[in-house]
Amino acid sequence: MSVKEKDVANWQPKILGFACNWCSYAGADVCGVSRFQHPSTMRVVRVPCSGRVNPHFVLRAFQRGIDGVLVGG
Amino acid sequence: MKRIGVFLCWCGSNIGGVVDVPKVAEITRTFPGVAFVQENKYTCSEPGQAAMVQAIKEHKIDAVVVASCSPRMHLPTFQKAVQTAGLNPYMVEMANLREHCSWVHSAEPENATQKAVELVRKAVAKVAKLEPLFESYIPVTKRALVIGGGIAGIQTALDIADSGHQVVIVEKEATIGGRMAQLDKTFPTLDCGA
Amino acid sequence: MVAAAQHPNITLYTYSQVESVGGYIGNFEVTIRKNAKYVDYSKCTGCGMCETKCPTKKVTSEFDVGMGQRTAIYKPFAQAVPNKPVIDNKSCKKLIDGKCGVCEKVCPAGAINYEDQDELVTEKFGAIVMATGFDLIDWGKLYGEYGGGTIPDVIDGLQFERLVNAGGPTGGKIKRPSDHEVPQTVVFIKCVGSRDVLKGKSYCSRACCMYTAKHAHQVLEKVKGSDVYIFYMDVRTPGKMYDEFYMRTREVDGAKYIRGQVSKIFQDGNKVIVRGEDTLVGQSVEVVADMVVVETAMVPRPDAVQVAQTVGFSYDKDGWYTEAHPKLRPVETNTGGVFLSGCCQGPKDVPDSVAQASAAAVKVVAMFSKDQMATNPQIASVNEGTCVGCLLCKPICPYKAIEAKEITERVHGQSVTRTVASVNSGLCQGCGACTAECRSGSINLKGFTNLQLLAEVDAACL
């Protein structure tokens, strides 16, 4: 296995999540309460509603080098 | 520039058992604007809150990050706490190190610590931009409208009326009573519906 | 019921509906349509003479769910509150073509008024409690294999209630609709329309297991020597004294529970044949019955969605009203000042409805305990300097909180008037949908501003 292939195999995308306070953020909390293990590369920004997520925020995240954006609402 | 205080919570072993909190504290001290960092066994407890209030006063902190559990759980708690210390209650932000970090990454403590650092950094960045907010007050018309005059509407109306407030029941049919009036005896006691 | 009518603090608007709702928490302005009753309630004594003499006697009774008949001028039932009649303008001969007028002649109080019109009243309220209740699913349309509503002796649970009710069309004697004979063999089928993803509703209607047991108990008690069969998927009896009640129906009264579904119901002479399966013994079964009761799914009232849209709060895919949080805020909606009471939120039995009703009342009373209420400051605000007044934000707002506003300002020494968006702080719930819609970035959400969220994004992406 070449170094490059090894990197690819271990690569984890860094994900930015926008989570609605009332549903998906609450869901992420429940995920915690149920100790549901998942990759540690996601960061969640709490918003009052998925409708608050301005497309600019998503573009800015990609500009800053994030690999994926998840909008939950 | 604001003087930001960061309060890192162990939550007993819930956070502290996975995340290397002292390490997070050490890194947090280097973030721009952070004037004070404190660790606490339980930040939400009475001594935890008292320590926070004291630190805010002593170190002239004007915005606070509490890195503990979900803001859906304890944000109102800490809003009250900073208020007793003389801060605007909207000058608090929480980093969710428990539900979103230690509980779900307990198998990989190093990554969890790294994530905790980033969550705190994110909260500090937001707090740096926070502004005090003020509630406004609106008058309340002390009259209630109940739409539907079945057993639920009647019960609600009676309870509100008994407390001394005016209630209007709007019912589509020519009589109140709704479904309950149509029923014969009801379980489990088999008493009448009227 | 009577307690509500007599309470000095309660006003009843029966035969009325909500026409429109404006305003916001603490300050709603509600227009109510009082439908024409054609009876002056200030004069009517409720003597009932009009009902006795009304020549139009064969109108299907809504209250008796089609099991009985009423007159054109009618009280839904004898103990109605208020105990005064209304004239149904769809069946009254006088109102349809002017040929009658009997009730006016016989009324000793002179209370009949054929010229009566709908009346609109607008009143102010601080809080609105929704208590619109439930209906039963239209099983006839969905379940052709059960006769599709064409077999007269296949009735639903609410019709059975009217049959067994002392105030009902049979005086409480259980007689089947087709020939008024007392049925000796009665079959109950549970979960018709409930827990049926393909044809009915996915949810459990929650009260049916218990009222089916009650229905079975009532047949066995009132019709000596009768046989009762109950087809069921599961028996769910969570509640105080519930399982004991069910076990008594089964063990003491002798109701025969068959675990399995019914595949076909058809008429054979004066009998109703029920074919199904007993999954516990793995055999098909056939019951020759005199009457069948389908215990059908609870659904919202047919106009529930329309009412929700009028008042302005959310509902789910089935039309049940959505609570603000399933566990922590079960009697509030996401619209401030609008609360939920009883079955409009989802299927419930009587104890649960009453408990939720009192809970909703407490929420209202708590709100009324202060003269003023604090509003959430994390709401949208408009920068009037940059707002161009395009008002794209107005239709996007789910709470109808954005209005156009005229502002006047001095430009180059001249007074100029232009339109900008304006946020009503009482209505705004702080969702921020308007901020994402605003092309010029002129609306911001306090507490979640563009700068604050971008700072978070930047910090998270380092």
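If you filter the stretch B:109-128 down to residues that are of a type in the set (Gly, Ala, Ser) and either open to solvent by less than 10 Å² (accessible area, probe 1.4 Å) or more than 12 Å from chain C (Cβ to nearest Cβ) (or both), you find that the one that is nearest to A:Gln37 (Cα to Cα) is B:Ala112. Note on the stretch C:189-221: residues that are assigned to a loop (DSSP other than H, G, I, E, B) and closer than 24 Å to C:Ser263 by Cβ total 13.
Look at the stretch C:184-204: where a residue is touching a residue at least 60 places away in the same chain (Cβ under 8 Å) and under 30 Å from C:Gly225 (Cα atoms) and a partner is surrounded by fewer than 16 Cβ atoms within 10 Å (Cβ to Cβ) and not acidic (Asp, Glu), sitting 6+ places away or on another chain with Cβ atoms under 8 Å, you get C:Gln184/C:Gly225; C:Thr185/C:Val288. Among residues belonging to the stretch C:1-10 that are free of Cβ contacts under 8 Å to residues at least 24 places away in the same chain, open to solvent by 50 Å² or more (accessible area, probe 1.4 Å) and within 15 Å of B:Ile176 (Cβ to Cβ), point out the one that is nearest to the other protein chains (Cβ to nearest Cβ). Here the residue is C:Ala3. All conditions in (1) within 9 Å of chain A (Cβ to nearest Cβ); (2) among the hydroxyl-bearing types (Ser, Thr, Tyr); (3) without any contact (Cβ under 8 Å) to a residue 12 or more places away in the chain hold for C:Thr417, with the sole exception of (1).
Scoring B:Arg72 on the criteria (1) in contact with an Asp or Glu (Cβ under 8 Å, 6 or more places away or on another chain); (2) at pLDDT 95 or above; (3) open to solvent by 10 Å² or more (accessible area, probe 1.4 Å) leaves a single failure, condition (2). Just one of (1) out of contact with any helix residue (DSSP H, G or I) (no Cβ under 6 Å at 6 or more places or on another chain); (2) crowded, with 17+ Cβ neighbours inside 10 Å; (3) of a type in the set (Gly, Ala, Ser) fails for C:Ala360. It is (1). Do you know which of the residues in the stretch C:76-121 that are touching an Asp or Glu at 6+ places or on another chain (Cβ under 7 Å) and within 20 Å of C:Thr60 (Cβ to Cβ) is nearest to the other protein chains (Cβ to nearest Cβ)? Top of the filtered list is C:Pro76. When each of B:Val146, B:Val140 is tested for being open to solvent by 10 Å² or more (accessible area, probe 1.4 Å) and at the interface with another protein chain (Cβ under 7 Å from one of its Cβ atoms), the lone residue that passes is B:Val140.
Would you check if there is a residue in the stretch C:291-300 being without any contact (Cβ under 8 Å) to a residue 24 or more places away in the chain and out of contact with any Gly (no Cβ under 7 Å at 6 or more places or on another chain)? Checked the stretch C:291-300: no residue is without any contact (Cβ under 8 Å) to a residue 24 or more places away in the chain and out of contact with any Gly (no Cβ under 7 Å at 6 or more places or on another chain). Among the conditions (1) open to solvent by less than 20 Å² (accessible area, probe 1.4 Å); (2) touching a helix residue (DSSP H, G or I) at 6+ places or on another chain (Cβ under 9 Å); (3) over 27 Å from B:Asp184 (Cα atoms); (4) facing another protein chain (nearest Cβ under 7 Å), the only one that C:Cys50 does not satisfy is (4).
Pairs are defined by a Cβ separation below 6 Å, a sequence spacing of at least 6 or placement on different chains, a first member in the stretch C:14-40 that is at the interface with another protein chain (Cβ under 8 Å from one of its Cβ atoms) and open to solvent by 30 Å² or more (accessible area, probe 1.4 Å), and a second member that is basic (Lys, Arg) and not in a strand (DSSP E or B); the pairs so defined are C:Tyr15/C:Lys37; C:Gln17/B:Lys172. With respect to B:Gln79, is the statement that it is more than 25 Å from C:Thr449 (Cβ to Cβ), in contact with a strand residue (DSSP E or B) (Cβ under 7 Å, 6 or more places away or on another chain) and polar (S, T, N, Q) true? When the stated conditions are applied, B:Gln79 does not pass them.
Of the residues making up the stretch C:237-289, those that are over 20 Å from C:Ala213 (Cα atoms), open to solvent by 80 Å² or more (accessible area, probe 1.4 Å) and within 33 Å of the chain's Cα centre (by Cα) number 1.
Consider the stretch C:122-146 and keep the residues that are more than 10 Å from every other protein chain (Cβ to nearest Cβ) and of a type in the set (Asp, Glu). The one that is least open to solvent (accessible area, probe 1.4 Å) is C:Glu145. The numbered conditions (1) in a loop (DSSP other than H, G, I, E, B); (2) of a type in the set (A, V, I, L, M, F, W, C); (3) modelled with pLDDT of 95 or more; (4) under 27 Å from the mean Cα position of the chain (by Cα) are all true for C:Cys44 except (4).
For the stretch B:156-168, the criterion of being under 29 Å from the mean Cα position of the chain (by Cα), open to solvent by less than 10 Å² (accessible area, probe 1.4 Å) and at the interface with chain C (Cβ under 7 Å from one of its Cβ atoms) is satisfied by at least one residue. When A:Val45 is tested against (1) part of a helix (DSSP H, G or I); (2) of a type outside the set (Lys, Arg); (3) within 8 Å of chain B (Cβ to nearest Cβ); (4) open to solvent by less than 20 Å² (accessible area, probe 1.4 Å), only condition (1) is not met.
Of the residues making up the stretch B:68-106, those that are in contact (Cβ under 8 Å) with a residue 60 or more places away in the chain and of a type outside the set (D, E, K, R) are B:Ser68, B:Cys69, B:Leu97, B:Cys101, B:Ser102, B:Trp103, B:His105, B:Ser106. Considering B:Val104, B:Val92, the condition of being touching a helix residue (DSSP H, G or I) at 6+ places or on another chain (Cβ under 6 Å), surrounded by 24 or more Cβ atoms within 10 Å (Cβ to Cβ) and under 18 Å from B:Phe36 (Cβ atoms) is satisfied by B:Val92 alone. Pairs linking a residue in the stretch C:374-386 that is over 12 Å from C:Ala401 (Cβ atoms) to a residue that is assigned to a strand (DSSP E or B) and hydroxyl-bearing (Ser, Thr, Tyr), with Cβ atoms under 7 Å and 6 or more positions apart or on different chains, are C:Ala374/B:Tyr137. Where strands (runs of 3 or more DSSP E) fall wholly inside the stretch C:375-462, the ranges with 2 or more residues that are farther than 21 Å from B:Glu135 by Cα and in contact with a strand residue (DSSP E or B) (Cβ under 7 Å, 6 or more places away or on another chain) are C:402-411, C:414-423.
Scanning the stretch A:9-37 for residues that are within 11 Å of chain B (Cβ to nearest Cβ) and β-branched (Val, Ile, Thr), which turns out farthest from A:Arg52 (Cα to Cα)? For the stretch A:9-37, the residue satisfying everything is A:Val33.
The values are calculated or read from the model by the stated rules, or taken from the named source; none is laboratory data. Here the structure is a predicted model, which means the values were calculated and not measured. Here the Cβ is made from the backbone with ideal geometry for all residues, glycine too, and neighbour counts use every protein chain on show. What goes into the accessible areas is simple: the full protein's heavy atoms, side chains included, and nothing from ligands, DNA or RNA. Shrake-Rupley method; radii C 1.70, N 1.55, O 1.52, S 1.80 Å.
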